[in-house]
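In what follows, a structure is listed as structure tokens, so that the remarks can point back to it.
The values are calculated or read from the model by the stated rules, or taken from the named source; none is laboratory data. Nothing here was measured: the structure is a model prediction, and the numbers come from that model. Backbone-built Cβ (ideal geometry, glycine too); neighbour counts: all protein chains shown. When the accessible area is computed, the model is the full protein with side chains, heavy atoms only, and any ligands, DNA or RNA have been set aside. Shrake-Rupley method; radii C 1.70, N 1.55, O 1.52, S 1.80 Å.
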Amino acid sequence: MSGHDGVPGASGVATGGRLVLLGNAIVDLVMRVPALPERGGDIVSQDTTLTTGGGFNVLTAARRLGLPAVYAGAHGTGPFGDRVRADLAREGIEVPLDPVTEEDTGFCVAFVDGGGERTFATSLGAEARLTEAHATAVLAALRPGDLVQISGYGLAYPVNGPVLASLVARLPEHTRVFLDPGPLADQIPEEVLEPVLARCDWVSCNQREGRLLTGRDDAREAAAALAARLGPRTGVLLRADADGCWLVPPGGEPAHIPGRRVTAVDSNGAGDAHTGAFLALLGHGLDLSSAVRGANAAAAFAVTRHGPATGPTVGELLALLDGEPLAERLSSALGR
């Protein structure tokens, strides 16, 4: 099968559906610090912001590029749950599940150091209490052509993991399934992870997560080993920060898709921007190579902005790509 731009197996996936996130939208307390304090020490934050994060970042990145989006995760009753729902509504993201009445949504403390790297500590809430009733409601809400995104955070949670694994096994064939295993990839029980991997059409992870799943440090080797583990029907994206990413199309060989050199100020949410943009561009019917290159550009844009939900709008992405052949492809696909 001939590819586009030299990428083996690069073909479009026109869906006409929505991005449905089986993940967790929580509140982020983001603290910018010069460096993490030593154990037992203290440090003064340069600034602190309270914002909705987690799966919200992926949904926002896709929504800003014109793909309809649905948050199909649990959410609580209280100030954090209210904050999450208000931000989802502001971005035009549908919320089909009713709030969990007895608990608030959880939160995460994110430390962003002087080099733009982020370190997290998370307190779980209602988003970690997914039930079979929730799963039934999600299945009933799906439409033909939907793209279903699964977060490894949920798979690692003791309550959510088995519910999500069972839900994924029941997803209709017309849905395309995408997994981001996340930082807790090595903490997902095998009996939860394996059935999800067996149903996935795509797995997207960063280098650390690729190493946790394969034991390989080299990005190319990790991408190839993960693709071999998944089998020929599943594609792999291994994100390599400023170096772009390694793409393994279903049944294909690893290909390096270069990144963009920018001055990073905050890497928090960059992987989410990449994932959301990739799904949005595939959903708009772009060929695989263009979708990946567009996702690389979206992630590069995100790290030049402070905050976790910093994926670009259509106009911002096209401005970043101004004069490049990719801009014309994106403009046509996105109706600009």
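Within the range 114-133, the set of residues being of a type in the set (Asp, Glu) and either under 19 Å from the mean Cα position of the chain (by Cα) or at pLDDT below 90 (or both) comprises 117, 127.
In summary, residue 247 fulfils each of the numbered conditions (1) touching a Lys or Arg at 6+ places or on another chain (Cβ under 8 Å); (2) buried (at least 17 other Cβ atoms within 10 Å of the Cβ); (3) of a type outside the set (Asp, Glu); (4) under 23 Å from residue 185 (Cβ atoms) with the single exception of condition (1).
Taking the numbered list (1) assigned to a loop (DSSP other than H, G, I, E, B); (2) over 26 Å from residue 56 (Cα atoms) in turn, residue 182 passes all entries but (2). For residue 158, the conditions (1) open to solvent by less than 40 Å² (accessible area, probe 1.4 Å); (2) not hydrophobic (A, V, I, L, M, F, W, C); (3) not in a helix (DSSP H, G or I) all hold with the exception of (1).
For the range 164-187, filtering for residues that are over 22 Å from residue 18 (Cα atoms), without any contact (Cβ under 8 Å) to a residue 60 or more places away in the chain and open to solvent by 10 Å² or more (accessible area, probe 1.4 Å) leaves 3.
A count restricted to the range 216-230 and to residues that are closer than 11 Å to residue 203 by Cβ and surrounded by fewer than 23 Cβ atoms within 10 Å (Cβ to Cβ) stands at 2. For the range 193-215: of the residues being open to solvent by 10 Å² or more (accessible area, probe 1.4 Å) and under 30 Å from residue 140 (Cα atoms), which is nearest to the chain's Cα centre (by Cα)? That would be 204. Selection of the range 297-329 for residues being open to solvent by less than 10 Å² (accessible area, probe 1.4 Å) and not hydrophobic (A, V, I, L, M, F, W, C) yields 308, 311, 312. For the range 248-263, check the following and say yes or no: at least one residue is in contact (Cβ under 8 Å) with a residue 40 or more places away in the chain and touching an Asp or Glu at 6+ places or on another chain (Cβ under 8 Å). Yes, the conditions are met somewhere in the range 248-263.
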